[in-house]
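K.L.:
Please see the structure below; I have some questions.
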Amino acid sequence: SSGINAEYGGTVRNIALNDGVKGFFRGLIPGLHRQLGFCTIRLGLYDTTKAFYVKNTPLNEGLPLRFAAGISTAVAAVCCAQPTEVVKIRMQAAKAGTARYSGTMAAYYNIALTEGTRGLWSGLGPSIARLSICNIGEVVTYDSVKTAMLQRELMRDSFPLHVFAAVCAGFVTTCLTSPVDVVKTTYVNSTPGTYSGALGCGRALARSGGFKVFYK
């Protein structure tokens, strides 16, 4: 625990000394692009997708329906907005005191020019896996906890219930997505050819740091 705290403390000091306050907001613009793209699709289409499955498939209310809707909207979000994730990760991962790209739009242009669409959509598989797990952990958990509390009449449909369901969703999501986040970030930020693929990246990380590396 003390070693982890020292590592985080050293990272914070290093960013503050080399980049100042702005260093903590590196990648803010592509981060906003990402949130607008990913959240608009995965959250905005969730109820619509559930209704579509209820109308056109044997699925009805329950976990299978929520899983199907969550995974479907996650796949749609990643396929549309993955370039924003790539740019965000690369800009945030720049070494302290340096700038990998002159700006957000320059990053999109540079990656497209030098790596093509393959570069802009690199890490597509890990991102789909990550966002599918995130949707299951976040949206499905929130939906399920809220529904269960209302059905058992343990809480009323009010602000405290929303907060409780959100806390449960956040905890489950963090536990589920941390390993995928580590692999995805490492893979997307690596130079082309470093790893044979996302699974190869995961195996390499496991060999070098063991299980704990996925929860660093």
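Just so you know, all these numbers are worked out from the coordinates, no wet-lab data involved. Note that the coordinates shown come from a computational prediction; the quantities given were computed from them, not determined experimentally. Virtual Cβ from ideal backbone geometry, glycine too; neighbours counted across all protein chains shown.
K.L.:
For the chain, take the longest principal axis of its alpha carbons; what is the angle in degrees between that and the long axis of helix 159-189, to the nearest 10 within 0 to 90?
P.N.:
40
K.L.:
Cα atoms only, the chain: Rg and Dmax in Å?
P.N.:
Radius of gyration, then largest Cα-Cα span, for the chain: 19.4, 58 Å.
K.L.:
Which value in nm describes the separation of the simple spin-label points at Arg203 and Leu63, placed 7 Å from the Cα toward the beta carbon?
P.N.:
3.1
K.L.:
Now for a separate question. To the nearest 20 debye, what is the magnitude of the charge dipole of the chain about its Cα centre, counting +1 on the Cβ of each Lys and Arg and -1 on the Cβ of each Asp and Glu?
P.N.:
Details: 22 positive and 11 negative charges, 98 e Å.
The dipole magnitude comes to about 460 debye.
K.L.:
About its Cα centre, what dipole magnitude does the stretch 76-153 give when the only charges are +1 on Lys and Arg Cβ and -1 on Asp and Glu Cβ, stated in debye to the nearest 20?
P.N.:
Numbers: 8 positive and 5 negative charges, 58 e Å.
Using only the charged Cβ atoms, the result is roughly 280 debye.
K.L.:
Mind pulling the angle between the C-alpha long axis of helix 46-56 and the longest principal axis of the chain? Nearest 10 degrees, somewhere in 0 to 90.
P.N.:
The helix 46-56 is inclined about 50 degrees to the chain.
K.L.:
Please list, in order along the stretch 116-122, the HN-Hα scalar couplings obtained from phi with the Karplus expression 6.51 cos²θ - 1.76 cosθ + 1.60 (θ = phi - 60°), rounded to whole Hz, x for Gly and Pro.
P.N.:
Computed from phi, the couplings for the stretch 116-122 are x, 5, 5, x, 5, 9, 5 Hz.
K.L.:
A further question follows. Percent relative contact order of the stretch 120-200, based on C-alpha pairs within less than 8 angstrom and at least six residues apart?
P.N.:
Once divided by the residue count of the stretch 120-200, the mean separation gives 42 percent.
K.L.:
Let me ask another. Considering the Cα positions of the stretch 98-166, please state its Rg to one decimal place and its Dmax as a whole number of Å.
P.N.:
Final numbers for Rg and Dmax: 20.4, 58 Å.
K.L.:
Taking the convex hull of the Cα atoms, report for the stretch 102-215 its projected area averaged over all directions, in nm².
P.N.:
Numbers: hull surface 39.1 nm².
The orientation-averaged projected area of the Cα hull of the stretch 102-215 comes to 9.8 nm².
K.L.:
Using the alpha-carbon atoms, what tilt in degrees (0 to 90, nearest 10) does helix 124-135 show relative to the longest principal axis of the chain?
P.N.:
Its long axis makes an angle of about 40 degrees.
K.L.:
Taking Lys184 as the anchor, which aspartates and glutamates have their alpha carbon closer than 16 Å to its alpha carbon, excluding any fewer than eight residues away along the same chain?
P.N.:
Glu85
K.L.:
Another question, then. From the phi of every residue in the stretch 24-41, what ³J(HN,Hα) in whole Hz does the Karplus formula 6.51 cos²θ - 1.76 cosθ + 1.60 yield, where θ is phi - 60° and glycine or proline is x?
P.N.:
6, 10, 4, x, 4, 5, x, x, 5, 4, 4, 5, 4, x, 5, 5, 4, 7
K.L.:
If you take the charge dipole of the chain about its Cα centre, with +1 on Lys and Arg Cβ and -1 on Asp and Glu Cβ, which of Leu65, Phe164, Phe25 is farthest toward its positive end?
P.N.:
Phe25
K.L.:
Where the centroid of each part is defined by its Cα atoms, how far is the stretch 59-94 from the stretch 99-116 in Å?
P.N.:
When both Cα centres are located, 23 Å separates them.
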